Amino acid sequence: MQYAHDARTFVYSHYVYRGLRSATGVIGATLIALQFADLPTAMVVSMGALCTSLMDLPNPLNHKFNEMMASVLLCSAVTLLVAMATPFPRVMPFVLVLVTFMAGMMTAYGNKTLPLQFSALFVMTLTINEDFVVRRAIEHALLFTVGAVAYMAYAMAVSWATQRRTKQQVLAESLYEMASYLEIKAGFYDAGNDYEALFNQLVRQQIVVAERQQAARDLVLRGNRTTHDGLLVQVHMRMLDLYEYILSTNTDYPLLRQTFGSTPVLDHLRRLVQLMCKDVEAIAFDITRGRPSYAEVDYRQVLRAVEQEIAQLRYHHINPAAMTALAETLDMIKGAIALVEQLHEASRTPVEPSKVLPGPDMTPFLTRQRYELKVLRDNLNWKSPAFRFALRITMAVGAGLWIADHLPYVSHSYWILLTIIVILKPNFSMTKQRYNDRLIGTLIGCAISVAVLKVVHQPLILLGVLFLALVASTAFSTIKYRYTAVAACVQVLIQINLLMPGSSTVAGERLIDTVIGGLIASVFSFVLPSWEYRALPALVDNVLQANRRYIAATRDLLLRVAKDDFAYRVQRKQFMDSLSALIGSFQRMLDEPKSRHRAVDNLNRFIVQNYLVAAHVAAARIQVREHYGELDLPAAEAAIRQATDAATHSLQLASQRLADDDRAGGRGAGFIRAAKERAKAAEGQQPPDRSKTVGNTQSPGAMLAGAAATVMAADIAGSGAAVAAGVMPGNDAANAVKAAAAENAANAAAAADEASERRARLADSADRRRADVLVQAAASGELARAASEAGATASSASSTGRTANAILERRLRALREDAAKIALRTGAIGRAMRQR
């Protein structure tokens, strides 16, 4: 289900509520102002209310107050400054440059400040076309401030009265996105679906899930006083537990699809996951309605069908490892179903918040507001994306003003500028999308406005249409900007008709101005660009560091060193946040010109493998928690230590190579040897043994890749030694020696780059070869003859002979293998990132 596009769910969402709240406040401020002044004066008041409404977001009350107060102060100051400068044509350009540049620099504080940045530029564009004297400028700014303060007071009062309702809506949205996540996962149990395409779709849905979960944390985990607040906290915690269970089932899809692709058992598993999806959607819908949820989905029939199929499959000669994976998957799904039942129960059980919160201090889970001047100072440099965007939008606004002054018709320059500031965004991908949405939306909006104004002439009815346009423009601003562009165009054209009745050419002029503004924004998106690939090495390193901390917290939890799972939850959140940031940057890079793409395949696999590490960790934790009494504890603890040490060492080595590469002047991350290593190799020293980075037990892919790395490093060392031994005697040959040394260094670096790429390719080839072997063996009947051998291998997988230990060790072995592949993948990424 598309939550934001389904009428049944959308009408109860916080998007519609925000639209109604904003439209009521803006139109209400206008109507009240009309009781005491004329229409132009009332429109200035409404402009102040409108700019402040842009910061009316579903945030905690203290955050909302700070953000709206910042909007009131900043927009009022901009209004006064620009209005005071209008009588002075020589001063005005400097004021516009200053305001635009400072507004662009606000992006240094992150996406949360984008509405504030737009508000400042929006009020600037609406003020520049007016002619003020000093007294009139002050009066104009005061009227604007009155409207802004009035809306702020109204919005804070409404938000305080409806804060519990807002919590319900944001929490329900998070559940809806989790249901979409489940819907994607159900597709994995259809062997006819493309595995890699599904996994990429699943990983990208992770961004949305992570964003919605963070929004829910920021509201649900704050200000909890009553048992009803505790109920929402309880639902939130059960939702996170369900997410971990769902995540843990990501590890065995290839084996299940290869072995059981032609059997009904996968169809039944897919049906189970689809039923869970509907169940979670039902819970979310009940929460948006503010009512308790009761289970309406019956899993029993499908569960019996799965168990019967598994019982029949046991009589066939099927790989025991595949049968074990199938049984584990069913157990995980049963656990997830039990957690869905707990979600139903949590939605109807009020509880004291202190009894369900994971700790006394929730600060590590919450978004913090930090708007320090030091952040702006640190970004005042040529490499800063915020600084480059500030220069880019300043030049675009200047170009828009110049073009507007030279058009053959009396243009409304503010509409061109408004189009520029709406479309031109800090990253290329958003600018590209906004251009299409703005142009199409304006075309549709002009057509709707012309039709409405031909039929409707009564001001009160036009105000009603204006109210609906305000609701739509606000409700869709963050989920479907094209609808917002349509509504905003209708809103502006009706406002102009109310102020200047009979403006018949306005719609056509608006369309022309939109095209001009869009073209300017598109052209300037290539000026001082901040291409995403430049940020990728730092994001890759953030993922590696967060992954190490996550594995360390998991080790402490599994070994009972940690008293509770609070630190584990914190590190899990930080790892998922860092991975989501990398995925987001990667997606934006794919929207940029192909010449700016770097390491697309390797980055995609790096993301997937990190995601699999999270799945292995979740599966290991669940195995220890639910089968603790069945484990041979000394053997399990030894396996946990060995696996986590090996995985951490692989990730540490990847991060170290990244740091070495940066110090050596490289532009990316990777397993590329630094200058000191190349010098040692040239002297004939033994290169580092890469195969040790993954511990004593490796997958065939990792072993093959490690062997290839050692061979390539030895080749490089040999070539370096040969060149070093061939130095020409005599002073006359000094230049030749230097040239030969430089050529040798270049050749060695190129060979090291090629080695990095070959290691990644070899690891992929080994994975594909292992899959091909399984398929061929199944087709030829060799699996039946090897069943007894595989059974012996499975039984001896644990030195204790206990099934619980064997399953745990299989999870830990997979963790080590994927951590080693991450290290190999990082090398290939580094090679691509250094390309100009």
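The values are calculated or read from the model by the stated rules, or taken from the named source; none is laboratory data. None of these values were measured; they are calculated from a predicted model. Quick reminder, even Gly has a Cβ in these numbers, built from the backbone with ideal geometry, and neighbours come from all protein chains shown.
A few points about this structure:
- Among the residues of segment 450-489, the ones that are over 21 Å from Leu20 (Cα atoms) and in a helix (DSSP H, G or I) come to 6 in all.
- Checked against the criteria, Ala553 does not count as free of Cβ contacts under 8 Å to residues at least 24 places away in the same chain and outside any helix (DSSP H, G or I).
- Within segment 259-278, the only residue that satisfies the criterion of being of a type outside the set (Val, Ile, Thr), at pLDDT below 90 and surrounded by 18 or more Cβ atoms within 10 Å (Cβ to Cβ) is Phe260.
- Filter pass, Ala567 being under 25 Å from Val624 (Cα atoms) and touching a Leu at 6+ places or on another chain (Cβ under 9 Å): yes
- Qualifying residue in segment 322-344 (condition: assigned by TED's automatic domain parsing to the domain that holds Gly187 and touching a His at 6+ places or on another chain (Cβ under 6 Å)): no
- Condition check for Ile283: under 27 Å from Val351 (Cβ atoms), crowded, with 23+ Cβ neighbours inside 10 Å and touching a His at 6+ places or on another chain (Cβ under 7 Å): yes
- Within segment 158-213, the residues that satisfy the criterion of being in a helix (DSSP H, G or I), without any contact (Cβ under 8 Å) to a residue 24 or more places away in the chain and more than 14 Å from the chain's Cα centre (by Cα) are Ala161, Ile184, Glu196, Ala197, Leu198.
- Criterion violated by Ile403 - all others in (1) in a helix (DSSP H, G or I); (2) over 22 Å from Arg510 (Cα atoms); (3) of a type in the set (A, V, I, L, M, F, W, C) satisfied: (2)
- Exactly one residue among Ala562, Ala553, Ala538 is under 23 Å from Gln652 (Cβ atoms) and out of contact with any helix residue (DSSP H, G or I) (no Cβ under 8 Å at 6 or more places or on another chain), and that residue is Ala538.
- Residues that are surrounded by fewer than 19 Cβ atoms within 10 Å (Cβ to Cβ) and part of a helix (DSSP H, G or I) within segment 219-236 comprise Thr227, His228, listed in sequence order.
- Residue among Ala103, Ala137 that alone is closer than 13 Å to Lys425 by Cα and assigned to a helix (DSSP H, G or I): Ala103
- Which numbered condition Ser595 misses (of (1) out of contact with any helix residue (DSSP H, G or I) (no Cβ under 6 Å at 6 or more places or on another chain); (2) on the phi > 0 side of the Ramachandran plot): (2)
- Residue-level check: of (1) closer than 19 Å to Glu196 by Cα; (2) basic (Lys, Arg); (3) not in a helix (DSSP H, G or I), Arg560 misses just (1).
- Of Tyr294, Tyr315, Tyr371, all but one fail to be within 30 Å of Ser530 (Cβ to Cβ) and of a type in the set (Ser, Thr, Tyr); the exception is Tyr371.
- Taken over segment 113-134, the criterion of being part of a helix (DSSP H, G or I) and in contact with a His (Cβ under 9 Å, 6 or more places away or on another chain) is satisfied by Thr127 alone.
- Condition check for Tyr176: under 20 Å from Met276 (Cα atoms) and either at pLDDT 95 or above or crowded, with 20+ Cβ neighbours inside 10 Å (or both): yes
- Yes/no for Ala83 being over 39 Å from the mean Cα position of the chain (by Cα) and crowded, with 23+ Cβ neighbours inside 10 Å: yes
- The C-beta contact set for segment 281-300 (first residue touching a residue at least 40 places away in the same chain (Cβ under 8 Å) and assigned by TED's automatic domain parsing to the domain that holds His268, second residue loosely packed, with under 12 Cβ neighbours inside 10 Å and of a type in the set (A, V, I, L, M), distance under 9 angstrom, 6+ apart or interchain) is empty.
- Filtered residue count, segment 355-368, keeping only those that are over 16 Å from Met239 (Cβ atoms) and at pLDDT below 85: 8
- Residues within segment 355-383 that are part of a loop (DSSP other than H, G, I, E, B), more than 14 Å from Arg222 (Cβ to Cβ) and of a type in the set (Asp, Glu), tallied: 1
- Test: Leu539 is surrounded by 16 or more Cβ atoms within 10 Å (Cβ to Cβ) and modelled with pLDDT of 90 or more: yes
- Matching residues, segment 549-569, being surrounded by fewer than 19 Cβ atoms within 10 Å (Cβ to Cβ) and of a type in the set (Val, Ile, Thr): Val561
- Taking the criterion of being out of contact with any helix residue (DSSP H, G or I) (no Cβ under 7 Å at 6 or more places or on another chain) and either at pLDDT below 90 or not in a helix (DSSP H, G or I) (or both), the residues of segment 338-354 that qualify are Arg348, Ser354.
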